[in-house]
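Beneath this line is the structure, given in C-alpha cells, with notes to follow.
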Amino acid sequence: MAVTYTWTIPTCEHDIATGGINVIHWRCTGVDGDNSASSYGTVGLTPDPSSSDFVAYADVTEAMAQGWVWDSVSQADTEAAIADKINAMANPTEASGTPWAA
C-alpha cells in the first residue's frame, strides 16, 4: 500500500492588535494500512500590517496557512521521514521481550 498523508493546521497564534499571525502549528500524519506516524511543528512568522500582501487573521484560509508552512518546512522531506517511520513499523529490524516467556 502507499502512505496517505494529511496535513493539518491545529492552531495559529496571532497578534490581536494587528491581526497578524505570528506562529502556525502544523501536523502531518501518514497512514499505511494499520501503521501510522506523524510529525508536528511550528513556523514563526513576522507579519507586516503595512505590507500590500498582508492578510489579517480573520481572512486567512487553511490553504494560505499551509502555503506559509511549506515556505519554511519541506513537504517532501517531512513526508519521507514519516514514510521511513511507517516502514520501520511494518518491517522491524529489532524486537524486545523475554525468550522464556514466548
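Listed residues Asp15, Asp32, Asp48; which is touching a helix residue (DSSP H, G or I) at 6+ places or on another chain (Cβ under 7 Å) and among the acidic types (Asp, Glu)?
Exactly one residue qualifies, and that residue is Asp32.
Looking at Ala76, is it part of a helix (DSSP H, G or I) and among the small types (Gly, Ala, Ser)?
The answer is yes for Ala76.
If we scan segment 43-55, do we find a residue that is surrounded by fewer than 16 Cβ atoms within 10 Å (Cβ to Cβ), of a type outside the set (Ser, Thr, Tyr), on the phi < 0 side of the Ramachandran plot and part of a strand (DSSP E or B)?
Yes; the residues of segment 43-55 include at least one that is surrounded by fewer than 16 Cβ atoms within 10 Å (Cβ to Cβ), of a type outside the set (Ser, Thr, Tyr), on the phi < 0 side of the Ramachandran plot and part of a strand (DSSP E or B).
Select from segment 59-73 the residues that are outside any helix (DSSP H, G or I) and under 17 Å from Pro47 (Cβ atoms) and list them in ascending order.
Val60, Thr61
Has segment 78-91 got any residue that is exposed (fewer than 10 other Cβ atoms within 10 Å of the Cβ), of a type in the set (Asp, Glu) and free of Cβ contacts under 8 Å to residues at least 12 places away in the same chain?
no
State whether the residues of segment 13-28 include one that is part of a loop (DSSP other than H, G, I, E, B), in contact with a His (Cβ under 8 Å, 6 or more places away or on another chain) and in contact (Cβ under 8 Å) with a residue 12 or more places away in the chain.
Yes, segment 13-28 contains at least one residue that is part of a loop (DSSP other than H, G, I, E, B), in contact with a His (Cβ under 8 Å, 6 or more places away or on another chain) and in contact (Cβ under 8 Å) with a residue 12 or more places away in the chain.
All of the numbers you see were taken from the coordinates with simple rules; none came from a lab. Computed from a predicted structure; not experimentally measured. We place every Cβ from the backbone using ideal geometry, glycine too, and count neighbours over all the protein chains shown.
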